[in-house]
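Remarks on the structure that follows.
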Amino acid sequence: MNILLTGGAGFIGSHTAVVLSQAGHEVVLLDNFCNCRKSVLERLEKILCKALPCVEGDIRDTTLVIKTLQDYKIDAVIHFAGLKAVGESIEKPIEYYANNVQGTISLLEAMKSSGVTTLVFSSSATVYGDPQYLPIDEKHPTSATNAYGRSKLHIEEMLKDVANSGADWNIICLRYFNPVGAHESGLIGEDPNGLPNNLMPYIAQVASEKLPHLNVYGNDYPTVDGTGVRDYIHVVDLAEGHLAALAYVQHHKGWDVFNLGTGHGISVFEMISSYKYASGKEIAYQIKGRRTGDIAECYTKVDKSQGILGWHSKRSLDQMCESSWLWQNMRNDSV
Ligand code: NAD
Ligand code: UFG
């Protein structure tokens, strides 16, 4: 199939580009490079031994998206493009709704006018809010506490309406838990601008002595050791989830949703210990107060993605940390 990845030069998009291309799909990237470096294209070429076509532009440029869909005879779209920083979304809600919601409307208009009706959308476990029960299944009630999460919920609702509009749409939403790690080559990975917001990239910079210590946000949660528990998933497992989702969505009319995670919760202390082992470095940390908006514990029920998509995660926490550490050491090298 010919597949367009919006936001395909970003963290999850670039890993998915590798997996889809290696599975024999023709992959086209569309990215405005607002949150990634252009050097990712050379790095992808090095991994795949071929250059992937990349259109530089914004998904809100409907004319450009239409041209891209037609020029490359696109059969399906995976829609990664979006802004994703929770804190920033609270300060800049208009930018988040304009980029994420308006951007998705523009993409849908372009798809409709080009007759492309197969879409996989990057949603997030953040739409479950504070869990009412664990593990979280796809029927868990949804809610949002910030503009980022609300933009994902609005898009999901919008996609449901489009799928039910009587047209020939095949749409699925994938709710990712906590993607971490990097490609085994060490050539692509997560590349946050400035101070990392998320746990693993922050630990990576403490291990490499770019940052002095990790702030552990709370050790008084009702969890195994008092620190926050999350369902961390290797980004290559997540990318493989998209391959499975694509195979399913082609033959599935209407709208559907799947959680993508491992089904296992890992605490902050467990993550520190595993990263220390993978890197051979001390991870200094200080206990701080809870971070506003954080939940205690979150992990998925895997039955639906296993049963219907036939997909499950394979890579261990050690592999997540080892690949992150390799990327941390290689990311600044020239290709
Ligand atoms: P990322 O920032 O690395 O990738 C997003 C890409 O989209 C970037 O390359 C950026 O330049 C591009 N982009 C943003 N707005 C654009 C626009 N208007 N037009 C064209 N390109 C645009 O983020 P990621 O971690 O790869 O996340 C991909 C998707 O998955 C996002 O929608 C994100 O909300 C979602 N998600 C991520 C996580 C996570 O923890 N990384 C968790 C759940 C969901
Ligand atoms: N944490 C620290 N110190 C840090 C960073 C994080 O102790 O410097 C703790 C947090 O308190 C939490 C855990 O590590 O207990 C994980 O935090 P992350 O910021 O890595 O991940 P979150 O689960 O808070 O949020 C992430 C994304 C959201 C997304 C969500 C679910 O940032 O956008 O996963 O996919 F919605």
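Each reported figure results from applying straightforward, stated rules to the coordinates on display, with no laboratory input. The structure displayed is predicted, hence computed values, not measured ones. FYI the Cβ positions are ideal-geometry reconstructions off the backbone, even for glycines, and counts take in every protein chain you see.
Below is a table of values for the structure above.
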| quantity | calculated |
| --- | --- |
| Nearest-20 debye value, the chain charge dipole, Cβ charges on Lys, Arg, Asp, Glu | 100 |
| Extension gain from His213 to Ala23, taking 0.36 nm per residue of separation minus the Cα-Cα distance | 64.4 nm |
| Ordering of 100-106, 131-137 by packing [mean C-beta count within 10 Å, highest first] | 100-106, 131-137 |
| Cβ-derived FRET efficiency at R0 22 Å, Glu56 paired with Asp168, nearest 0.05 | 0.15 |
| Reach of Lys84 by Cα under 27 Å, taken over lysines that are not fewer than 8 positions away in the same chain | Lys38, Lys67, Lys92, Lys112, Lys139, Lys152, Lys160, Lys210, Lys288, Lys301, Lys304, Lys314 |
| Crossing angle, helix 39-48 versus the chain [Cα axis fit, 0-90 degrees, rounded to tens] | 80 |
| Radius of gyration and Dmax over the Cα atoms of region 132-249, both given in Å | 17.9, 56 |
| Extension gain, Ala98 back to Ser39 (0.36 nm per residue minus Cα-Cα distance, nm) | 18.6 nm |
| 37 °C / 0.692 mPa s Stokes-Einstein diffusion coefficient of the chain, Kirkwood radius on C-alpha pairs, µm²/s | 163 |
| Relative packing of peptides 46-56, 120-130 - highest average C-beta neighbours within 10 Å first | 120-130, 46-56 |
| Ranked packing of 239-250, 177-188, 284-295, most packed first, by mean Cβ within 10 Å | 177-188, 239-250, 284-295 |
| Sum of -39500 (n - 2.57) over DSSP H runs of 4+, divided by residues of the chain (222 nm, nearest 500) | -11000 deg cm²/dmol |
| Cα-based convex hull volume of region 261-335 per residue, rounded to whole Å³ | 154 |
| Using a Förster distance of 25 Å, the FRET efficiency for Thr63-Met158 (Cβ separation, nearest 0.05) | 0.75 |
| Relative contact order, percent, the chain [alpha-carbon distance under 8 Å, six or more residues apart] | 20 |
| Distance in nm between pseudo-label sites at Thr145 and Lys281 (7 Å out along the Cβ direction from Cα) | 3.1 |
